[in-house]
1. Does Val34 fit the bill of being surrounded by 10 or more Cβ atoms within 10 Å (Cβ to Cβ), at pLDDT below 65 and of a type in the set (Val, Ile, Thr)?
2. Pairs only if they're at least six apart or on different chains, beta carbon under 8 angstrom, first in region 66-84 and closer than 12 Å to Arg49 by Cα and without any contact (Cβ under 8 Å) to a residue 40 or more places away in the chain, second in a helix (DSSP H, G or I) and among the aliphatic types (A, V, I, L, M); list them, first residue then second.
3. Look at Ala70 and say whether it is modelled with pLDDT of 85 or more and either basic (Lys, Arg) or assigned to a helix (DSSP H, G or I) (or both).
4. Output the number of residues of region 51-65 satisfying the condition of being part of a helix (DSSP H, G or I) and more than 16 Å from Gln80 (Cβ to Cβ).
Amino acid sequence: MKNVGKCYSLIVTLAFLSLCVNAQSTVTTQDRTVISDFEKRVKNYVSLRERLEKKLPDLPKKATPEQIEAHKMALQKAVQAARSGENRGMYSLLRPRD
């Protein structure tokens with residue numbers, strides 16, 4: 001009798017999960033626009049970061065923690081300087097209102 005109860009629980013759980021998956025797979029045109037805009041902004045950010053990192057001196061193969069930290073801070077400052085004119089939240093999924 002315990003096995004029957006487990007079987008029913010499993011069936012109900014699977015049915016519930018399938019409903020959740022179907023509900024989440026519906027993407028509206030507005031959602032697609034938001035997602036597309038977000039992806040463009042992220043690609044632009046990644047491109048900016050890669051360009052800035054190429055300008056920095058390469059880390060040695062056996063870099064010390066201090067060298068890694070200095071490289072990280074130099075990249076961070078370069079990104080901040082390059083983005084100084086941009087609004088906060090520029091790369092978040094939901095853009096801030098102007």
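The values are calculated or read from the model by the stated rules, or taken from the named source; none is laboratory data. Note that the structure is predicted; figures quoted are calculated from it, not measured. Please note: Cβ atoms are built from the backbone with ideal geometry, for glycine as well, and neighbour counts cover all protein chains shown.
1. Details: surrounded by 10 or more Cβ atoms within 10 Å (Cβ to Cβ): yes; at pLDDT below 65: no; of a type in the set (Val, Ile, Thr): yes.
For Val34, the condition - surrounded by 10 or more Cβ atoms within 10 Å (Cβ to Cβ), at pLDDT below 65 and of a type in the set (Val, Ile, Thr) - is not met.
2. Listed pairs, sorted by first residue: Leu75/Leu52; Ala78/Leu52; Val79/Leu48; Val79/Leu52; Ala82/Leu48; Ala82/Leu52; Arg83/Leu48.
3. yes
4. Quick first cut of region 51-65, residues part of a helix (DSSP H, G or I) only: 51-55, 65.
Filter once more, keeping what is more than 16 Å from Gln80 (Cβ to Cβ): 54, 65.
Here the count works out to 2.
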